[in-house]
Amino acid sequence: MVDIFGGCIPQSDPNKEWPCVDNFSIDKTEVTNAMYRKFKPEHNSNSNNFDLNDDNAPVVNISINDARQY
């Protein structure tokens, strides 16, 4: 994981509020289905008739809560 420091992004229009984000961490590389299934073995990445379950494919269709726990 890599730590990303939060901050605010200035806008060119001085009347607009600056969008701000908190610090967060992110993986250096995408999380694959194989990696994610070590955390949640029953995970299924299929979506709209597309088979996205290959072990080397990036994990998709996860909840924000599962992402935080991972």
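The values are calculated or read from the model by the stated rules, or taken from the named source; none is laboratory data. The shown structure was predicted, so the numbers you read here are calculated from the model rather than taken from an experiment. With ideal geometry, Cβ positions are generated from the backbone for all residues, glycine too; neighbour counts draw on all protein chains shown. Each accessible area value is taken on the protein alone, full model and side chains, heavy atoms only, with ligands, DNA and RNA left out. Shrake-Rupley method; radii C 1.70, N 1.55, O 1.52, S 1.80 Å.
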Looking only at residues that are acidic (Asp, Glu) and under 30 Å from PHE5 (Cβ atoms) in the range 15-64, which one is modelled with the highest pLDDT? ASP22
Boolean, LYS28 is touching a residue at least 12 places away in the same chain (Cβ under 8 Å), in a loop (DSSP other than H, G, I, E, B) and among the charged types (D, E, K, R): yes
Hey, could you check the range 18-35 for residues that are among the hydroxyl-bearing types (Ser, Thr, Tyr) and under 16 Å from VAL60 (Cβ atoms) and say which is most open to solvent (accessible area, probe 1.4 Å)? THR29
For the condition outside any loop (DSSP other than H, G, I, E, B) and either aromatic (Phe, Trp, Tyr) or touching a helix residue (DSSP H, G or I) at 6+ places or on another chain (Cβ under 9 Å) (or both), what is the one hit in ASP55, ASP66? ASP66
Considering only the range 10-17, I want to know if a residue exists there that is open to solvent by 90 Å² or more (accessible area, probe 1.4 Å), assigned to a strand (DSSP E or B) and not basic (Lys, Arg). no
